[in-house]
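Each remark here refers to the structure printed beneath this line.
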Amino acid sequence: MKNSNSSFESFRNWNYKKIIVEPNTALQNQQYYVSELKKLQAKNEKETGIEFVIDDKNNYQDFIALMDAMKLADQENYGVDVEKTNHFFAIHEYKAPNSIEKKYDGITGCIVWQYENKKEYINFFNIETLIDNLPKQSYFIIFGFLLFLNISMLSIKERFQLNLK
């Protein structure tokens, strides 16, 4: 089941202006992208944004140029829809005219929507997480190890007792 916080689905039906990013041209068009982002922020409309259409022909420099444009335009919310379109989105967060803006020192910037079934890592120093996250088969291995350890300790104990007599 997909978590709505980690999915792009809630933003998919917004009103996006589409800008097609031609391969190897994003750096030359960066000022245009910044001006379009500034226009989007100035309009301050609900549920709007810009969809930068990128595909497999675009290179890494195009992607970095888009991220730099976000930084230059002070665009807070942007990311890549890796679930379906692989397009780069700049999402505008509506700011009410009479509201007081609070400053947060949080992380802003690139938000990548990708649903992944992430397993927790096993922390060997925290016994509770270790026991909770171990697969059932490992219990047989641990039990077998402890059983053979017990048998070997008993045989060592018997050997010492025989040598002492």
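The values are calculated or read from the model by the stated rules, or taken from the named source; none is laboratory data. Nothing here was measured: the structure is a model prediction, and the numbers come from that model. Reconstructed Cβ throughout: ideal geometry from the backbone, glycine too, with neighbour counts over all protein chains shown.
General observations
- Residue count for the range 12-67, restricted to those that are hydroxyl-bearing (Ser, Thr, Tyr) and touching a strand residue (DSSP E or B) at 6+ places or on another chain (Cβ under 9 Å): 4.
- Residue match in the range 73-94 (condition: more than 24 Å from Ser10 (Cα to Cα), exposed (fewer than 15 other Cβ atoms within 10 Å of the Cβ) and modelled with pLDDT under 90): no
- Some residue of the range 106-113 being at pLDDT 75 or above and outside any strand (DSSP E or B): no
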